[in-house]
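K.L.:
Following this message is one structure expressed as structure tokens.
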Amino acid sequence: MMDIHAVLKQLPHRFPFLLVDRVLELERGKSIKALKNVTINEPFFGGHFPHRPVMPGVLMLEALAQAAALLAFDTLGVTPDDKTVYYFAGIDGARFKRPVEPGDQLLLHAELDRMKSGIFKFKARAMVGEELAVEAELICTMRRIA
């Protein structure tokens, strides 16, 4: 539904911090399903951990937040500009269930639970195949900067 070129037009993140490769499904105001291909070339694997590379949990949450941002922008019908920043406002109930390793495909799912006064709450989870890797409730907001 959205290839990397479309993702780059919506998200301000760039290598090495862009963590969404493709959007597979997007239902405005409801949910998104996106993909992150995890490769051994990721810069964090050199130090996390050299003897057994594992994707850091905070980056799995960030990948979910980036997917959620794409859903939020689509829901509002906006394309963010250089004066718009999308921030975490909270992360609740984060649970890590499975390590994510090079060669895995991380399927990112986010459902819009609530949207009020510029605050978005999402139920999010990331899967590797049929296995849950991480789940959390994400609270995010968009702000204009000077």
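The values are calculated or read from the model by the stated rules, or taken from the named source; none is laboratory data. What you see is a predicted model; the values in this text were computed from it and never measured. Reconstructed Cβ throughout: ideal geometry from the backbone, glycine too, with neighbour counts over all protein chains shown.
K.L.:
Just to be sure, is E111 farther than 14 Å from E62 by Cβ, acidic (D, E) and surrounded by fewer than 17 Cβ atoms within 10 Å (Cβ to Cβ)? Spell out the reasoning first.
P.N.:
Details: farther than 14 Å from E62 by Cβ: yes; acidic (D, E): yes; surrounded by fewer than 17 Cβ atoms within 10 Å (Cβ to Cβ): yes.
In short, yes.
K.L.:
Taking the options V85, V23, name whichever one is β-branched (V, I, T), outside any loop (DSSP other than H, G, I, E, B) and under 16 Å from T141 (Cα atoms).
P.N.:
Going through V85, V23 in turn, the sole match is V85.
K.L.:
Does R98 satisfy the condition of being touching a strand residue (DSSP E or B) at 6+ places or on another chain (Cβ under 7 Å), surrounded by fewer than 20 Cβ atoms within 10 Å (Cβ to Cβ) and in a loop (DSSP other than H, G, I, E, B)? Spell out how you get there, then give the answer.
P.N.:
Working: touching a strand residue (DSSP E or B) at 6+ places or on another chain (Cβ under 7 Å): yes; surrounded by fewer than 20 Cβ atoms within 10 Å (Cβ to Cβ): yes; in a loop (DSSP other than H, G, I, E, B): yes.
For R98, the condition - touching a strand residue (DSSP E or B) at 6+ places or on another chain (Cβ under 7 Å), surrounded by fewer than 20 Cβ atoms within 10 Å (Cβ to Cβ) and in a loop (DSSP other than H, G, I, E, B) - is met.
K.L.:
A further question follows. Filter segment 3-27 for residues that are farther than 23 Å from E135 by Cβ, in contact with a helix residue (DSSP H, G or I) (Cβ under 9 Å, 6 or more places away or on another chain) and of a type in the set (D, E, K, R) and give the result.
P.N.:
Correct list: R14 only.
K.L.:
Oh, and also: Can you tell me how many residues in segment 30-76 are closer than 16 Å to M1 by Cβ and in a loop (DSSP other than H, G, I, E, B)?
P.N.:
Residues meeting the conditions: 1.
K.L.:
Still on this model: Could you tell me whether any residue of segment 59-82 is surrounded by 17 or more Cβ atoms within 10 Å (Cβ to Cβ), touching a Ser or Thr at 6+ places or on another chain (Cβ under 8 Å) and either within 30 Å of R144 (Cβ to Cβ) or at pLDDT 95 or above (or both)?
P.N.:
yes
K.L.:
Let me ask you something else. Taking D113 as meeting all but one of (1) without any contact (Cβ under 8 Å) to a residue 40 or more places away in the chain; (2) of a type outside the set (S, T, N, Q); (3) part of a loop (DSSP other than H, G, I, E, B); (4) touching an Asp or Glu at 6+ places or on another chain (Cβ under 9 Å), write down the number of the exception.
P.N.:
(3) is the only condition that D113 fails.
K.L.:
Another question, if that's okay. Out of the residues in segment 46-58 that are in contact with a Pro (Cβ under 7 Å, 6 or more places away or on another chain) and at pLDDT 95 or above, state the one that is nearest to V134 (Cα to Cα).
P.N.:
V54
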